[in-house]
Amino acid sequence: KGSEAPKLEAMDGVEHVTLRTSTTPVYRKNMCMQLSFYNLRILISVIQRVQPDLVHATQEASMQVMAAACAFCQVPLIISLHTDVAQIAARDENFSSLRGFLGRLHTWMSVRMVYWGYRNWALSGATYFPVSKQSLVILRNAGVSEQRVAPVIWGPMVDREIFRIEQPEEQVKETRKRLTFGAEDAYLMVYVGRVTAEKDIQFLVDAHKRAPKHVYLALIGPGSMVPQLKELHGPENRLYCTGDMASREEVALSLRGADLHVSASTMETVGFTAMEALSCGTPMLAANAQGYAMYLSHAVNARLFTPGSTESFDQELAEIMATKREGTWSRESIRATMEMASIDACTDRAFQSYLTSPASDWRIFRLLVTMFYFVLNVFFVQTFFP
């Protein structure tokens, strides 16, 4: 956002193309590609210069710009779908700036508009590449034709080279010491991700207060709840929360040094941090919902609690704390459950989706419809969300 392009680190074989950004319509907490003719012109220029066989984009609010560019250049578009907007709307009471009945109506209409957008992207000729089984459910709920959905699922995926058991022992000890404020007999629970209301962070904080006094909770990541939780940061509350961004290597050390990875979120389509923790040999305590329910195995590499139930969470926490880390519950056994989630396996599935994506007929018709919806989107956003 603004006139200055960010300074990005150069990478061999990678060209960074900077687009204009803006806050997401309705849900103003996030940034997205600006819905503008400027960005459309940039994307068309890049596609015409590079001449790709296809474009692989990740889901974002202004995907209509990319859909229009690909339709104009007659290049196939693959879209990875990873975010459940309906769940975010349901979990975040501040999703809409309005309150009461008008706020609920505004939220409901916003989710319907998102689903309409998914159908419009498919109408442009785009193919969806679901990252998880939950992504298939989202697309089905949105009314996207099965013909426009790839027959393979990308995830789960984890970088097993970074997230591994064999990490520098001294660094693991130092990370654990930092997260537990040097406590000797601490039982460390680690959450990694956005520290926001829709991720049910308050549930974890409240659960931690009920836990035994040697249990510490570390919240790793930024988010809207950080300012209030920072006030509780410290050994006296056994809570670690600074709001700092962590590199993948730092996250790996945190998960490897933890006794348990925790999340109360009920909106994960995959739950990548779960895969990362398991790959480090660290078990997980998670809500029995969505991606967690689909990809974690209760009593094998995780314990799943009834979403929103304090009694269920406390019971599963006590069970997992009492379980000896040996046999099928050893670090090596837990890591082995993520063999199918390697980068190589996920890359193979991605290429399979490229090869099996259906060809788009009626190109002129699709282009006209896509451009119509693009102009309509630009008018709507610039009129109501300047």
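Observations on the model:
- For the chain, built as a Gaussian network whose Cα springs stay under 10 Å, the top-fluctuating residue of 236, 174, 15: 15
- Put a dot 7 Å past the Cα of residue 339, heading toward its Cβ, do the same for residue 9, and the two dots end up 3.3 nm apart.
- Under the criterion of Cα pairs below 8 Å and six or more residues apart, the relative contact order for the chain equals 17 percent.
- Per residue convex hull volume, Cα atoms of segment 169-341, in Å³: 106 Å³
- Counting neighbouring Cβ atoms within 10 Å and putting the fewest first, the residues 133, 173, 199 line up as 173, 133, 199.
- Dmax and Rg, reported as Rg then Dmax, of the chain (C-alpha, Å): 22.2, 68
- Sites residue 93 and residue 383 - FRET efficiency at Förster radius 25 Å, r taken between beta-carbons, to 0.05: 0.40
- Excluding same-chain neighbours fewer than eight residues apart, the aspartates and glutamates reachable from residue 7 by a Cα-Cα span under 15 Å are 15.
- Treating each Cα of segment 179-267 as one equal point scatterer and applying the Debye formula with no solvent, the log10 of I(q)/I(0) at q = 0.19, 0.20, 0.25, 0.26 Å⁻¹ comes out as -0.81, -0.91, -1.46, -1.57.
- Antiparallel bridge percentage (DSSP; both residues within segment 169-341; nearest 5): 5 percent
- Estimated 222 nm signal from helices in the chain, with DSSP H stretches of n ≥ 4 weighted -39500 (n - 2.57), rounded to 500: -13500 deg cm²/dmol
- For the chain, share of DSSP beta bridges that run antiparallel, in % to the nearest 5: 10 percent
- Look at 73, 241, 280 and count the other Cβ atoms within 10 Å of each Cβ; fewest to most, that gives 73, 241, 280.
- Residue among 89, 359, 299 with the largest mean-square fluctuation in a Gaussian network model of the chain, springs linking Cα atoms under 10 Å: 359
- Taking the longest Cα principal axis of the chain as reference, the axis of helix 363-384 is set at about 60 degrees.
- Alpha carbon centroid spacing (whole Å) that separates segment 240-266 from segment 1-50: 29 Å
- Entries in 209/230; 177/230; 177/213; 199/230; 29/133 that, when Cα-Cα distance is taken, lie over 21 Å: 29/133
- Among 364, 162, 320, residue whose mean-square fluctuation peaks in a GNM of the chain (springs only between Cα atoms under 10 Å): 364
Readers should treat all values here as calculations from the given coordinates under stated rules, not as data from a laboratory. Just so we're clear, the structure is a prediction, and the values are computed from it rather than from any experiment. As a convention, Cβ positions derive from the backbone with ideal geometry for all residues, glycine included, and neighbour counts pool all protein chains shown.
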